[in-house]
1. Could you give the nm distance between label points at residue 133 and residue 320, where each point is 7 Å from its Cα heading toward the beta carbon?
2. If you place +1 on the Cβ of every Lys and Arg and -1 on the Cβ of every Asp and Glu, how big does the dipole about the Cα centre of region 145-231 come out, in debye to the nearest 20?
3. Once the piece of chain linking residue 304 and residue 365 is laid out straight, how much longer is it, given 0.36 nm per residue of separation minus the C-alpha distance between them?
4. Roll a 1.4 Å probe over the protein heavy atoms and report the accessible area of residue 295 in Å², nearest 10.
5. Want the number for residue 52 to residue 184: 0.36 nm per residue separation, take away the alpha-carbon distance, what's left?
6. Please give every one of the lysines within straight-line cross-link reach of residue 54, meaning a C-alpha to C-alpha distance under 26 Å, and leave out same-chain neighbours fewer than 8 residues apart.
7. Of all the accessible heavy-atom surface of the chain, with the other protein chains kept in place and a 1.4 Å probe, what percent is carbon and sulfur?
8. With a cap of 15 neighbouring Cβ atoms within 10 Å, and only residues DSSP puts in a loop, list the GluC sites (Glu not before Pro) found in region 52-151.
Amino acid sequence: MKSNRRDFLKKSLYGGLALGVAGSYAGAAQRAKGVMGTDGALAAGADSRPRKGKTVMGLRCAPIPEVRIAVIGLGRGGGAVDRLTQIEGTRIVALCDLQDNRIKNSQERLKKAGRPAAAVYSGEEDWKKVCERDDIDLVYNATPWYLHVPIALYAMRHGKHAVVEVPAALTVEDCWALVDAAEETQRHCMMLENCCYDFFELATLNMARKGVFGEIYHGEGAYIHDLRSLKHDPKGYHQMWRLEHSKLHTGNPYPTHGLGPVAQIMGINRGDRMDYLTSMSTNQYGLTLYAENTFGKESSEARAAYKLGDMNNTLIRTVNGHTLLVVHDTTSPRPYDRIHKISGTKGFAVKYPEEKIALDPQAHEFLKPEAFKAMMAQYEHPLSRYIGEKAKAVGGHGGMDYIMDWRLIYCLRNGLPLDQDVYDAATWSCITDLSERSIKNRSNSVDVPDFTRGAWQDAKPWPVVDMETIFY
């Protein structure tokens, strides 16, 4: 059974629409060069496709006073269970995982929080049974990458809102499948990009909307995180799926942590869109050297061929002439870094290794500590001001996970559009596929599809939400 599962993993992880659940989508619409305008015409531009349903830009659904939730994948999802039990108006209905100990731990979390036990599912495809239940509003999908798309599609097809861990999809085809399903079913499909809710990222979003940086023409984001030991740990990623990906693929497989916050700040999909990208990677060194030092030079781990270059740089140009640099490195001995740089006509901000801001007319140096502290207080995002202290107490990557989950539930309970939509999930995630295509073609440029089908032209950049008014 284990070998069959491993073979299944390898096949489904990298080929088109995982598990075949979305087979009806594959090839259903021919690629058309251009942007689908609001009048249905195609204008010159990036790859787009005819819309099957209705746009979900700014989608509002009926308010859900109590959000009934199923959590699928209780590794990373176990933390979500803990956070969701501390949010008013939630009920965990079902838990699904292949490992009994994870289910047991999550049930203990529910008991500790004074919540009733959830229904349990532990079969290979029990996630389908979960999605088929008629007492669930939201499917919280925290599974390995190769299960993100099939579960999200199945959930939406069965009337559920779907939220999915990052990246939402690994291929352009799967990104289109998520967009099509969301538009046809009119269900929310949000990628759980928690870094959009970190405190400095929220503050710089607020500053950007208030014009502090002027016109923002360049942004940088990254995921630099030494995962060499975790990738090689049999108790780490389920069946070591992340190491398998490193053997089979290059490019940037995990772009969204750095890209998401910068894309929101720069109004991507809302007033601007990604036009094309070019990507370049170094050779691979880190995984082989780690394996040689840990398992020996003649070990199977050291002799394995790894395609994922240690350092990837992907440069994206937008229709409005702005640029974004996205960096990925999970195999080098470097401190954790998401970069988060914002460059505008009036100023500059950077997060790592230290949060700093520089503004005209003295932008040749950063603000002094006192001035920086005052600015952070002045532009603290209303969301972090409202829920930030509790978020820090609850935890989850310093509190940003809790802010993300709290805001998600808040929007669902009040029938509000979500901060991130399926177009963001598709646009940010497609960098995985497109960066690899560019590298395999000597870093030549690759068009980025317009998943909004032209709706970006009339959409407004996401506002700074006011949390003073509670609707429910």
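The values are calculated or read from the model by the stated rules, or taken from the named source; none is laboratory data. Every value quoted in this text rests on a predicted model; they were computed, and no experiment measured them. Note that we place each Cβ from the backbone using ideal geometry, even for glycine, and neighbour counts take in every protein chain shown. Note: areas computed on protein heavy atoms with side chains; ligands, DNA, RNA excluded. Shrake-Rupley method; radii C 1.70, N 1.55, O 1.52, S 1.80 Å.
1. Between residue 133 and residue 320, the simple spin-label model gives 4.3 nm.
2. 260 debye
3. Result for the pair: 17.2 nm of gain on full extension.
4. 80 Å²
5. Extending this stretch completely gives an extra 46.9 nm.
6. Answer for residue 54, where 26 Å is the Cα cut-off: 33, 128, 160, 460, listed by chain and number.
7. That share works out to 50 percent.
8. Listed in order of number, the matching sites are 66, 88, 124, 125.
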